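K.L.:
I have a structure here, written as C-alpha cells, and I will follow up with some questions on it.
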Amino acid sequence: MENIYLLMLVALVALAVADLVVGVSNDAVNFLNSALGSKVLSFRTIMIVASIGIFIGCVFSSGMMEVARKGIFNPGEFMFNEIMIIFMAVMITDILLLDFFNTVGMPTSTTVSIVFELLGASVAMALIKIGMDNGSFSDVVNYINTSKATQIILGILLSVVVAFSIGAIVQWISRLLLSYNFETKPSWVGAVFGGIALTALTYFILMKGIKGTSYAKESFDLIGGVTIKDFLENNVFQIVIYTSALMSLLSYAFIQFFKFDIYKIIIAVGTFGLALAFAGNDLVNFIGVPIAAWQSYEAWTASGLAANEFGMGVLATKVPTPNILLVCAGVVMVLTLWFSKKAKRVVKTELDLSNQGNIEERFEPNFLSRGLVRLATNSSNLFSKIMPDSVNNKIEERFRVPETFTKAIAKEDRPSFDVIRASVNLMVAGILISIATSYKLPLSTTYVTFMVAMGTSLSDRAWGSDSAVYRVAGVLNVIAGWFGTALIAFTAAGTIAYLINISELMIAVLIFFAILLLVRNYIKGKKVTTNGVIEESLVIAESSSLQGVIHESAKNIAKLIKRGNKVYNTTVEGLSKQDLNLLDKNNKQINKLSKEVDDLKDKLFYFIRNLDESSLGASNFYINLLGYLQDIAQSLDYISKISYKHVNNNHRKLRYSQIMDLMEVDKEINKLFEEIKISFESRSFHKMDVLLQNKKELFSLVNKKIEAQISSTRSSEEKSPKNTTLYISILQETKDLLKAIMSLIEEYHVSHDATIDPVKANNNS
C-alpha cells in the first residue's frame, strides 16, 4: 500500500513541473505588461531583468508555503490518505484549468485557482468523512480554516476594486501634473516623479525580498537593535521620507548630469520588483501542494502507522522548504518565461485592452458594457458642466494624446502606452502587493496588475468613444473568467477528489486524461501559428502612394482569391455529397474572410491618414479596391449560406446534371482564380488584359447553364422548386462574383504604371 502513495508523490512532482509551466505562461502578463507595452526597453533587456527577479523571488519564497498546508483547511482533521487525495485532486484540476485559460489567451489568477481548488477538494473530502460518520452538514466548518479562507477570499475580491480605483486615481493625477509632454518639463519634475516611484518600488522589493530571507529575523545595532522585519514594518513613514529624498536626488543626478532616461530605470526596477513579487507570492500556487505532500509522506513513513490512521496535524507546523527545490522551481519558471508561446498570447490580451491607440478590437460589446460606458459618459459630461471652462480646457490640454498613438495604423514598433502610465502601473501594483505581503495575504498578483492597468487606461482616456464599449466588454469578460475560475476550481477539484476516493485507479485515468488535453491544446496552438493561417490573413496597406498601394495590396488579392477559390470549390463539393459538416466548415471560413474585409474597411481612416497630401488617386483606388473585395466576399458568403441552408433543411439533392454543370463552372472559375492568384503574387500587372479577355467566355458559360435550367423547368423536367431556386441563385450570384473580380482586375490594369517606383509609407509618422 505504501507504493501507491510513493507513486502519487512522483505523480505530484511531475504535475508540479507541468503546473509551473502553465502557471508562468499565464502569469507572465503580471510583470511583463508595462515594460512590453511602453517599449522603452528592448525585449531582451526586459526578459533578462524579469528572469533575475523570478529566480531571486523563488529562492526567498518559502515563507508563503504554509498557505498550501494550513491556509485553507485544518490538516489535523484529515488522515494521510485523505490529504494525498486532496493534493492530487488540486494539482490535476490546476493544470487543466490554467492551460485552458492559456489556450484562449485570457489572464486568470493562479492564487484564486489554488485557493478554491484546496477549498473544493477539502470540502468534498470533509463531506465524505461526515457521511461515513453519519454527522451533520454543519460539521464541515470543523475541517475548513474558515477565518483564514475568508480573509484570503475577501482580500482577493477587494483587490479588484481597490487596484482599479487606486490605479485610476494615481494615473489621473500623474497625467494632470505631467501631461503627455513630460519630456519638456524641467529636470526637477522628472526627478520628483522618479524619487516617488523608485521609493515605492524599493520598499516593495525590500518587503518581498529581505523579509523572505534569514537575515530578516536578525537584529542590528545600526537600526536600534531590532530585526530588519520589525524595522521595515514599524518605521514605514521614516523609511519613505528619507528614501524619497535620496531617490529624488539620485534621479536628478541621472537626468541632469548623466542625461539618463529616468523612466527606463523606473520600468526596469518595477519589472524586476513585480517579477520578484510574482515568484515570491505565487510560487506556492505551483509547488506548495507537492512540497506539502512530500513533507506529509516523510512524516507518515516515519510514524509507522497505517495511512488511514495517521493524522496530519504535522502540517500545522511551519516547515522550511529546501532551497534546492526553490532553485529548481526558479529554473523551470525562467525557462518557461523565455520559451512559452502561450505567455505571449496572454500578454497580448492585456496590452490590447490598455492600448492608447486604435487597434483591431478583440471583444464584442454587450448590453452591460454599453450601459457602463453610457453611465461613465454622462457622469463625465455632468462633471464638465459643473467645472469652469478654464479648468476643463486646462484638463483637456493635459490629456491631449500625441499623434504617436493616433495618426497611423498601430504597428509592432509603436508603444501601447507611454512611460508615465507604465511607471504608474508598476508603482501602484508594487505598493498594493507589498501591503498584502506585510499581512501574509496571498493576494492575486494577476488581479492587482490587471486591474491597475485597466484603471490607468480609463484615466488616460485610452478607452475613447470609438473603443470604450469593446474594451469594457473585454474587461468584463476577463472578470467573468475570474469568477468562473473560482467556481470551476471548487467544483472540479471536489469532483476529482470524490472520484479518487471511490477508486485509486482514477488517478491514472485522470492523469492520462490531463496529458491528452495538454497535448491536444499544444498541437492545436502550434497549428494556429505554423499552418499558414496567420500568413493568409488580410492586412491593411501601408504605402503612401498610388503605385505603392497597388504593389502592396496585391498580396491581399492573392490571399483572397486563393481562399475564395477554396470556398467556391468546397460549396460545390458539399452540395454534390450532401455533406452538411463540410458546408458548415465552409461557412465558418467565409465568415472569417468577410470579417477580415470588414476590418480593412474599418481601418480606412488610418490608411488615408498615412497617405501623402498629393495621393488622392491612392485613396480612390483603395476605396474602390475595398468595395470590390467586399462584393466578392458577399457573393461567396451568399453562395455558401444558401447551399448550407438547402442541405440543412433536408431538401432534395440537386440532379446529377445540375451537379455536373456546377462542377464545370467550378472548373473554369478554379482555372481563372489560379491565374489571377499567380499574376498578383508575381506582380504581373501587365498581364491583366489577358485575364479580362476571359470575361465574355465565363459569362456566356454561366448564362447557358441558367437558360438550360429555365428550359428544364418549363418542360416539367425539373420537379423540385427548391432545387431550381438554389441552382439559379448560385449561378446568378456567380455572375455577380465574376463581375466584382473583373472590375477589380480592370482597376489594377488601368491604375498601374510600371514607370513609377512604389513609395512606402513613413512608419515614423
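K.L.:
State all residues of the stretch 483-499 that are touching a Phe, Trp or Tyr at 6+ places or on another chain (Cβ under 8 Å) and crowded, with 23+ Cβ neighbours inside 10 Å; if no residue qualifies, say none.
P.N.:
Correct list: T485, A489, A493.
K.L.:
Here are L731, L691: which of them is closer than 30 Å to L580 by Cα and touching a residue at least 40 places away in the same chain (Cβ under 8 Å)?
P.N.:
Working: L691 fails: closer than 30 Å to L580 by Cα.
Testing whether each residue is closer than 30 Å to L580 by Cα and touching a residue at least 40 places away in the same chain (Cβ under 8 Å) leaves just L731.
A quick yes/no check of all residues on (1) at pLDDT below 85; (2) closer than 30 Å to H651 by Cβ; (3) in a helix (DSSP H, G or I):
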| position | (1), (2), (3) |
| --- | --- |
| K585 | no, yes, yes |
| D598 | yes, no, yes |
| D612 | yes, no, no |
| G617 | yes, no, yes |
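K.L.:
Still on this model: Quick one: in the stretch 473-482, of everything that is among the hydrophobic types (A, V, I, L, M, F, W, C) and buried (at least 18 other Cβ atoms within 10 Å of the Cβ), which residue is modelled with the lowest pLDDT?
P.N.:
If we take residues in the stretch 473-482 being among the hydrophobic types (A, V, I, L, M, F, W, C) and buried (at least 18 other Cβ atoms within 10 Å of the Cβ), then W482 is modelled with the lowest pLDDT.
K.L.:
Which of the residues that make up the stretch 113-161 are more than 20 Å from A480 (Cβ to Cβ) and among the acidic types (D, E)?
P.N.:
D133, D139
K.L.:
It is to be established whether one or more residues within the stretch 697-708 are in a helix (DSSP H, G or I), farther than 25 Å from H651 by Cβ and of a type in the set (D, E).
P.N.:
Yes.
K.L.:
Moving to a separate point now. Which is modelled with pLDDT under 90, of a type in the set (A, V, I, L, M) and not assigned by TED's automatic domain parsing to the domain that holds F621, of A708, A761?
P.N.:
A761
K.L.:
Go through the stretch 262-287 and report how many residues are farther than 30 Å from V112 by Cβ and either at pLDDT below 85 or outside the structural domain of C328 (by TED's automatic domain parsing) (or both).
P.N.:
Taking the stretch 262-287 and keeping what is farther than 30 Å from V112 by Cβ, we get 262-265.
Filter once more, keeping what is either at pLDDT below 85 or outside the structural domain of C328 (by TED's automatic domain parsing) (or both): none.
Within the stretch 262-287, residues that are farther than 30 Å from V112 by Cβ and either at pLDDT below 85 or outside the structural domain of C328 (by TED's automatic domain parsing) (or both) number 0.
K.L.:
Being among the hydroxyl-bearing types (S, T, Y) and under 18 Å from the mean Cα position of the chain (by Cα) is the filter; apply it to the stretch 465-491 and report the residue that is farthest from V401 (Cα to Cα).
P.N.:
Kept after step one, since they are among the hydroxyl-bearing types (S, T, Y), are these residues of the stretch 465-491: 465, 467, 470, 485, 491.
From what's left, under 18 Å from the mean Cα position of the chain (by Cα): 467, 470, 485.
Numbers: S467: 15, Y470: 20, T485: 37 Å.
Within the stretch 465-491, the match that is farthest from V401 (Cα to Cα) is T485.
K.L.:
Given the criteria modelled with pLDDT of 85 or more and farther than 23 Å from A14 by Cβ, does K129 qualify?
P.N.:
Judged against the criteria, K129 is a match.
K.L.:
Does the stretch 346-403 hold any residues that are polar (S, T, N, Q) and either out of contact with any helix residue (DSSP H, G or I) (no Cβ under 9 Å at 6 or more places or on another chain) or outside the structural domain of S467 (by TED's automatic domain parsing) (or both), and which are they?
P.N.:
Initial filter on the stretch 346-403 (polar (S, T, N, Q)): 349, 354-356, 358, 366, 369, 377-381, 384, 390, 392-393.
Passing the criteria: N378, S379, S380, N381, S390, N393.
K.L.:
Report yes if some residue within the stretch 96-107 is within 21 Å of I287 (Cα to Cα) and not in a helix (DSSP H, G or I); otherwise report no. First the steps, then the outcome.
P.N.:
Filtering the stretch 96-107 for residues within 21 Å of I287 (Cα to Cα) gives 96-102, 107.
Restricting the remaining residues to those that are not in a helix (DSSP H, G or I) gives 107.
Looking through the stretch 96-107, at least one residue is within 21 Å of I287 (Cα to Cα) and not in a helix (DSSP H, G or I).
The values are calculated or read from the model by the stated rules, or taken from the named source; none is laboratory data. Every value quoted in this text rests on a predicted model; they were computed, and no experiment measured them. All Cβ positions, even for glycine, are placed from backbone atoms using ideal geometry, and neighbour counts span all protein chains on display.
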